[in-house]
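S.K.: Please read through the structure below; I'll follow up with questions.
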Amino acid sequence: INLAYRFADYILAQNNFQYNTLVKKIPKNKVLKISNPIVINKIFLNPKESHSGYIAWIANFRHQKNFSLLYEITVLFPNEIFKIAGQPLFPLDPETETYLEKLKKLPNVEFVGVIPRDEILEFLKQAKFLLNTSRYEGFSNTFLESMLTGTPILTSGQVNPDGIIDTFQLGIVYESPSHLHLKLGQLSQNDYLNLSQNCIAYVKENHDHIRQAKKLFDFLNVMQ
């Protein structure tokens with residue numbers, strides 16, 4: 001990786017953590033922070049009209065995605081339906097294998113398998129929240145897809161790139177399953193609808209692929 005850094009003309013970072021780490025090793029003028037782009041599909045670009053639907057979870061099944069935390073949350077919310085999209089990455093680590101079997105036994109959990117890319121927005125559109133339980137992430141593209149459909153995000157403080165989820169009110173940042181239970185219990189219908197509207201506004205303003213491309217072109221033109 002360090003060799004790649006040396007030979008690269010420029011390096012793009014997804015978030016402030018990556019950017020600040022890179023500029024300690026590489027001249028600052030070679031590094032650009034540019035958030036993940038997404039094609040803004042106006043068909044899905046509509047805020048929620050009601051606080052209803054299932055809680056979606058999307059990822060391949062592995063240790064990073066923290067199935068033990070996912071299990072704790074699903075047990076704590078027996079009246080919520082959780083739809084889990086993805087598949088196991090073999091060989092499974094012991095923790096994931098153990099909690100995968102436990103999740104399969106819960107009546108409020110449904111495994112929906114791998115969802116094709118052209119169907120993921122429809123899946124998120126029908127959800128009330130996207131739940132993230134990962135131990136770490138850079139900037140998950142599922143966050144963008146969720147925001148594009150006006151679906152607020154539930155995530156831990158470990159996976160909150162540049163603090164955008166709480167700073168821009170795009171969902172709820174939880175410290176533990178019990179903290180999430182408390183926060184959702186306090187969430188009113190109006191609060192929820194505001195979160196949904198914030199998601200739409202934020203993704204349009206900060207992740208439109210055309211705007212992000214222009215930012216990159218402007219950077220390259222200045223550097224030439």
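S.K.: Hey, what angle do you get for helix 94-104 against the long axis of the chain, alpha-carbon based, 0 to 90 degrees rounded to 10?
M.R.: Approximately 50 degrees, to the nearest 10.
S.K.: Ok, one more. Below 8 Å, C-alpha to C-alpha, sequence gap of six or more: please give me the relative contact order for the range 107-224 in percent.
M.R.: After rounding, I find 22 percent.
S.K.: Using a 7 Å offset from the Cα along the Cα-to-Cβ direction at both Val222 and Asn2, what is the distance between the two label points in nm, to one decimal?
M.R.: Using points 7 Å along Cα→Cβ, the separation is 3.0 nm.
S.K.: Just how large is the dipole of the range 1-76 about the Cα centre, in debye to the nearest 20, putting +1 at every Lys and Arg Cβ and -1 at every Asp and Glu Cβ?
M.R.: I would put it at about 440 debye.
S.K.: Determine, from the Cβ-Cβ distance of Ile210 and Asn20 and an R0 of 25 Å, the FRET efficiency 1/(1 + (r/R0)^6), rounded to the nearest 0.05.
M.R.: According to the calculation, E is roughly 0.40.
S.K.: Could you work out the relative contact order of the range 25-117, using alpha carbon pairs under 8 angstrom and six or more residues apart, expressed as a whole percent? Present the calculation step by step, with values, prior to reporting the outcome.
M.R.: Values: 92 pairs, mean separation 26.6, N = 93.
Relative contact order for the range 25-117 comes out at 29 percent.
S.K.: In the range 71-224, with Lys and Arg counted as +1 and Asp and Glu as -1 at Cβ, which of these residues, Thr96, Phe139, Val203, has the Cα nearest the positive end of the dipole, that is, farthest along it?
M.R.: Selected residue: Val203.
S.K.: Pop the C-beta distance of Tyr136 and Lys42 into the FRET formula with R0 = 22 Å and round what comes out to the nearest 0.05.
M.R.: 0.10
S.K.: To continue, here is another question. I'd like the trypsin sites (Lys or Arg not before Pro) in the range 38-84 restricted to DSSP loop residues with at most 15 other Cβ atoms within 10 Å, sorted by number.
M.R.: Answer by residue number: Lys42.
S.K.: Further question on the same structure: In debye, nearest 20: dipole of the chain around its Cα centre with unit charges on the Cβ of K, R (+) and D, E (-)?
M.R.: Rounded to the nearest 20 debye, it is 660 debye.
S.K.: If I take every Cα pair under 8 Å that is 6 or more residues apart in the chain, average their sequence separation and divide by the length, what percent do I get for the relative contact order?
M.R.: Value for the chain: 24 percent.
S.K.: What list of ³J(HN,Hα) values in whole Hz, one per residue of the range 184-197 in order, does the Karplus curve 6.51 cos²θ - 1.76 cosθ + 1.60 (θ = phi - 60°) give from phi, with Gly and Pro shown as x?
M.R.: Per residue, the Karplus-derived 3J(HN,Hα) values read 5, x, 8, 7, 7, 4, 5, 4, 4, 5, 5, 4, 4, 5 Hz.
S.K.: Taking loop as defined by DSSP and a crowding limit of 14 other beta carbons within 10 Å, which GluC sites (Glu not before Pro) in the range 1-88 fit?
M.R.: Those that pass, being in a loop and sparsely packed, are Glu49.
S.K.: Can you give me the long-range amide H partners of Phe61? Hydrogens built in the peptide plane at 1.01 Å from N, cutoff under 5 Å, separation of 5 or more residues or another chain.
M.R.: Gln87, Leu89
A short reminder: the numbers here are calculations on the coordinates, not readings from a lab. Since this is a predicted model, take the numbers as computed values, not measurements. No Cβ is skipped: glycine too gets one built from the backbone with ideal geometry, and neighbour counts run over all protein chains shown.
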